[in-house]
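Working notes for the structure below.
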Amino acid sequence: MIDILSALPMPLILAAVGGILLFSKRDRFESFLAGARQGLGTAVNLLPTLCALIVGVAMLNASGAIEWLANLFSPIASAIGVPAELLPLLFTRPFSGSASTASFVELLERVGADSFAGLCASVIFATSDTMVYIISVYFSSVGIKHSRAAFPIAGAVMLFCIFFSCFLCRMWFF
């Protein structure tokens, strides 16, 4: 019964929208086409930003810089209470969702989901997003060219969230 009820909303929404378009006195289809044209223009304007981000993240992963940075910062991370195993995830999360997902899955396979690092990674992964991607794509989609304050503030919030996530995991689970 639940399977049937969960499958109904989408067809009902599509039928309702179709009925509104069909029986409306105003030209709703023309409004739809105008919105689609505007959306296509926005997508074309975002394409260079997306290409630059994808190429940059691919180059960063292929160069081995993530592993080098993780080895470099592991003593500092351990000293401040952040598991060193999280560093590849923490370095990729601000830039790429797919690269951070791969780091997350690899971390869980290596240390386990019930380990301290696995729990911290789960909380961080579930409560954070790709900072550079969001700022660059969203700001460029609305035409904002100067995002000076957004990057440092988003970086500070992300650092706070990392430490707070590890603190909460230590307090609740260990």
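The values are calculated or read from the model by the stated rules, or taken from the named source; none is laboratory data. Quick caveat, the model's predicted, so the values are computed rather than measured. Please note: Cβ atoms are built from the backbone with ideal geometry, for glycine as well, and neighbour counts cover all protein chains shown. Quick note on the areas: whole protein, heavy atoms, side chains included, nothing else; ligands and nucleic acids left out. Shrake-Rupley method; radii C 1.70, N 1.55, O 1.52, S 1.80 Å.
See the values below:
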item: Net length gained if the chain between Arg170 and Val142 were fully extended (0.36 nm per residue, minus Cα distance); result: 6.0 nm
item: Accessible-area ranking of Glu109, Glu85, largest first, probe 1.4 Å; result: Glu109, Glu85
item: Listed residues Phe32, Phe125, Phe139, most fluctuating in the chain (Gaussian network, C-alpha, under 10 Å); result: Phe32
item: Overall dimensions of the chain as given by Cα atoms, namely Rg and Dmax in Å; result: 21.8, 68
item: J(HN,Hα) series, the stretch 39-44, from Karplus relation 6.51 cos²θ - 1.76 cosθ + 1.60, nearest Hz, glycine and proline x; result: x, 5, x, 5, 4, 5
item: The chain, relative contact order [Cα under 8 Å, separation at least 6], %; result: 19
item: Cα Rg over Rh - the stretch 38-94, Kirkwood; result: 1.22
item: Rel. contact order, % - alpha carbon contacts under 8 angstrom, at least six apart, the stretch 1-98; result: 18
item: Normalised contact order of the stretch 87-174, rounded percent, pairs of Cα under 8 Å and 6 or more residues apart; result: 30
item: Angle in degrees between helix 116-127 and the longest Cα principal axis of the chain, rounded to the nearest 10; result: 30
item: Options Thr127, Pro94, Leu107, ranked by Cα towards positive dipole end of the stretch 68-153, top entry (Cβ charges); result: Pro94
item: Value of [θ]222 nm, deg cm²/dmol, for the chain, DSSP H segments ≥ 4, -39500 (n - 2.57) each, nearest 500; result: -26500 deg cm²/dmol
item: Gaussian network model of the chain, springs between alpha carbon atoms under 10 Å - residue of Arg26, Arg93, Arg148 with greatest fluctuation; result: Arg26
item: Per-peptide average of other Cβ atoms within 10 Å, ordering 62-70, 129-137 highest first; result: 129-137, 62-70
item: Nearest-ten-degree value, helix 9-23 long axis tilted from longest Cα axis of the chain; result: 30
